[in-house]
Amino acid sequence: MDNKFVSASVVVLGWIPPALPLIFIEVETQKQRFRQLVHQMTELCWEKCMDKPGPKLDSRAEACFVNCIERFIDTSQFILNRLQQTQKSKPVFSESLSD
């Protein structure tokens, strides 16, 4: 096997695009923001719906939790759709390599 080919392959395979760490950080930051949102919504629903903890939920608390969770799901879906729109407007990784 040609030695130049082997060394060129190592260079190419060992190459990390400069934008890759930034993309990873951005994705992890978005995940953390989503986790914070889940935590905040859980706390909000609990504070809003749970008057006093007991062995069973009364019908008012149950309806409140259901409504709160449904609003959380609606909000989460809206956020996910917005993130997808944002990602679509950014250049795709392979496209940025061709520049």
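The set of residues from segment 14-71 being under 20 Å from L83 (Cβ atoms) and touching a Cys at 6+ places or on another chain (Cβ under 8 Å) comprises just one member, M41.
When segment 39-67 is filtered for residues that are closer than 21 Å to I79 by Cα and open to solvent by less than 50 Å² (accessible area, probe 1.4 Å), the ones remaining, listed by number, are M41, C45, F65.
Condition test on V38, is it modelled with pLDDT of 90 or more and either of a type in the set (A, V, I, L, M, F, W, C) or more than 17 Å from the chain's Cα centre (by Cα) (or both)? In short, no.
The values are calculated or read from the model by the stated rules, or taken from the named source; none is laboratory data. Since the structure is predicted, the reported quantities are computational estimates derived from the model, not experimental observations. Note: ideal-geometry Cβ built from the backbone for every residue, glycine included; neighbour counts use all protein chains shown. Accessible surface areas use protein heavy atoms only, side chains included; no ligands, DNA or RNA. Shrake-Rupley method; radii C 1.70, N 1.55, O 1.52, S 1.80 Å.
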